[in-house]
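The values are calculated or read from the model by the stated rules, or taken from the named source; none is laboratory data. Predicted model, so just to flag it, every value in this text is computed and none were measured. Reconstructed Cβ throughout: ideal geometry from the backbone, glycine too, with neighbour counts over all protein chains shown.
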Amino acid sequence: MFPDFASAPACVSCHNQHIQSQKKDWELNDVMGATTWTYPKDSLTTDEVIEIVKVFRESAEKTYEDYLKEVQNFKRTEIPLIGEKWPEDGYFLPTKEIWSQQMNQLTAPYFVQSLMAYNEK
Ligand code: HEC
């Protein structure tokens, strides 16, 4: 079981503003709850680790794909332009392909770091 910290300003602001929230004085780094994570084995093979990273990447990409669909239904604001212009300043979003590439590049060091730390145990 792990403590679930208010690690980002968004945790605090949403929880303090949400109508269903029973506590409105959360601060950054407060323990907001507890998280449990279970996996049926105490260690993983290299193939299993690769499979987990692959599933993570696919699910993150699917989430962004769904977001791009949702953006097409924006009513209160203009629909952002998807593609060519990103990452220029302005109301632009990257394509799914570019987004995935960026996400993979940004998350790769963390996967490697975690694997190395695990290996040193
Ligand atoms: C956009 C709003 C929003 C953001 C951002 C958000 N939460 Fe929440 N959170 C909620 C709502 C709404 C619930 C209640 C959901 C439910 O019970 O079905 C909830 C539930 C929780 C719970 C479970 C509380 C309980 O009593 O069961 C914890 C713990 C929690 N959030 C922690 C966090 C943390 C940590 C972050 C940031 C990393 C975060 N939340 C970001 C809206 C948000």
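Within segment 34-47, how many residues are away from the ligand (no atom under 16 Å from the Cβ) and either assigned to a loop (DSSP other than H, G, I, E, B) or in contact with a Cys (Cβ under 6 Å, 6 or more places away or on another chain) (or both)? It would help to see each step written out before you state the result.
Here is the first cut: in segment 34-47, the residues away from the ligand (no atom under 16 Å from the Cβ) are 38-47.
Now narrow it down to the ones that are either assigned to a loop (DSSP other than H, G, I, E, B) or in contact with a Cys (Cβ under 6 Å, 6 or more places away or on another chain) (or both): 38-45.
Residues flagged as away from the ligand (no atom under 16 Å from the Cβ) and either assigned to a loop (DSSP other than H, G, I, E, B) or in contact with a Cys (Cβ under 6 Å, 6 or more places away or on another chain) (or both) within segment 34-47 amount to 8.
Kindly evaluate Ala10 against the criterion of being more than 18 Å from the chain's Cα centre (by Cα) and of a type in the set (A, V, I, L, M, F, W, C). Let's see the steps before the verdict.
On the way: more than 18 Å from the chain's Cα centre (by Cα): no; of a type in the set (A, V, I, L, M, F, W, C): yes.
Against the criterion (more than 18 Å from the chain's Cα centre (by Cα) and of a type in the set (A, V, I, L, M, F, W, C)), Ala10 does not qualify.
Run down Asp66, Asp89 and say which single residue is assigned to a loop (DSSP other than H, G, I, E, B) and assigned by TED's automatic domain parsing to the domain that holds Phe111.
Numbers: Asp66 fails: assigned to a loop (DSSP other than H, G, I, E, B).
The unique qualifying residue is Asp89.
Is it true that some residue in segment 56-65 is surrounded by 14 or more Cβ atoms within 10 Å (Cβ to Cβ) and more than 14 Å from the chain's Cα centre (by Cα)?
no
Taking the options Asp42, Asp4, name whichever one is within 30 Å of Glu120 (Cβ to Cβ) and exposed (fewer than 10 other Cβ atoms within 10 Å of the Cβ). Show your work before the answer.
Working: Asp4 fails: exposed (fewer than 10 other Cβ atoms within 10 Å of the Cβ).
Testing whether each residue is within 30 Å of Glu120 (Cβ to Cβ) and exposed (fewer than 10 other Cβ atoms within 10 Å of the Cβ) leaves just Asp42.
Conditions tested, residue by residue: (1) outside any helix (DSSP H, G or I); (2) in the same structural domain as Cys11 (by TED's automatic domain parsing); (3) hydroxyl-bearing (Ser, Thr, Tyr).
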position: Met32; (1), (2), (3): yes, yes, no
position: Val49; (1), (2), (3): no, no, no
position: Ile52; (1), (2), (3): no, no, no
position: Val55; (1), (2), (3): no, no, no
position: Ser59; (1), (2), (3): no, no, yes
position: Asn73; (1), (2), (3): yes, no, no
position: Pro109; (1), (2), (3): no, no, no
position: Met116; (1), (2), (3): no, no, no
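Where the second residue is hydrophobic (A, V, I, L, M, F, W, C) and more than 8 Å from the ligand (Cβ to nearest atom) and the first is farther than 14 Å from Phe5 by Cα and modelled with pLDDT of 90 or more and lies in segment 15-36, which pairs have Cβ atoms under 6 Å and are six or more apart or on separate chains?
From residues that are farther than 14 Å from Phe5 by Cα and modelled with pLDDT of 90 or more, the pairs are Asn16/Trp26.
So, Phe92, is that one more than 15 Å from the ligand (Cβ to nearest atom) and more than 28 Å from Val112 (Cβ to Cβ) or not? Don't jump to the end; show me each part of the working.
Values: more than 15 Å from the ligand (Cβ to nearest atom): yes; more than 28 Å from Val112 (Cβ to Cβ): yes.
For Phe92, the condition - more than 15 Å from the ligand (Cβ to nearest atom) and more than 28 Å from Val112 (Cβ to Cβ) - is met.
Go through segment 1-29 and report how many residues are among the acidic types (Asp, Glu) and more than 9 Å from the ligand (Cβ to nearest atom).
2
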